[in-house]
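A quick write-up on the structure given underneath.
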Amino acid sequence: MPVDPSLLGRTYPPSRPYEVGREKIREFADALGDDHPAYRDPEAAKALGYPDVLAPLTFPIVFALDAAMAVLRDLGIDLARVVHGDQTFRYARPLRPGDRLLTTVEVTGVKALAGNDVLTVECVSATEEGEHVVTSVCTLVHRGAE
């Protein structure tokens with residue numbers, strides 16, 4: 001895919017709602033190999049000042065990546081040629097079990113670099129009521145032809 005500068009600023013409609021659940025948080029923490037009790041035990045989280053269990057800081061990748069896939073599908077990008085180059089998360093507040101999040105996606109960066117296409121995609125996740133919770137920014141590298 002040659003870089004198309006007109007992609008910059010392209011937005012995608014909100015994703016379907018994703019409900020954050022205690023079991024999904026636990027499964028994600030297990031996959032990370034992180035046994036922090038605040039990811040599993042509401043009392044441990046309350047002792048830290050939170051109303052319920054916490055999600056690991058990288059948990060938003062679960063729903064943000066799904067939303068970002070809309071960009072890749074739209075562009076017809078071959079996933080076998082995509083490398084996840086960078087990822088950041090900016091939180092307004094911690095994720096909570098029961099949050100139902102909608103994620104909107106915007107292409108915020110487009111460039112060619114060493115024969116590769118580099119896309120920066122910003123995923124803004126908010127509750128169904130409109131409360132911003134987290135913004136995930138990922139850089140995806142579509143490797144050029146060999």
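Brief remarks on what is shown
- Packing around the peptides 35-44, 96-105, taken as the average count of other Cβ atoms within 10 Å per residue, puts them in this order, highest first: 96-105, 35-44.
- Spin-label model distance (nm) - T11 vs R26, 7 Å beyond Cα toward Cβ: 3.9 nm
- For region 1-54 versus region 87-101, the gap between their alpha-carbon centres in whole angstrom: 6 Å
- Two-site FRET efficiency, H132 against D4, from Cβ-Cβ distance with R₀ of 35 Å, rounded to 0.05: 0.75
- Think of each Lys and Arg Cβ as +1 and each Asp and Glu Cβ as -1; about the Cα centre, that makes the dipole of the chain roughly 160 debye.
- Compactness of region 75-146 - radius of gyration and Dmax, Cα, Å: 14.8, 47
- Only one residue of L113, A92, V82 has its Cα farthest out toward the positive end of the dipole of region 81-122, where Lys and Arg carry +1 and Asp and Glu -1 on Cβ, and that residue is A92.
- The chain: projected area of the alpha-carbon convex hull, averaged over directions, in nm²: 9.4 nm²
- Working note: 222 nm ellipticity from helices only, DSSP H runs with n ≥ 4, each -39,500 (n - 2.57), summed and divided by the residues of the chain, gives -6500 deg cm²/dmol to the nearest 500.
- Each residue, T88 and R143, gets one label point 7 Å from its Cα in the Cβ direction; the gap between the two is 2.7 nm.
Rule-based calculations on the coordinates, nothing more; no lab input. In this text the structure is predicted, and so the values were computed from the model without any measurement. Virtual Cβ from ideal backbone geometry, glycine too; neighbours counted across all protein chains shown.
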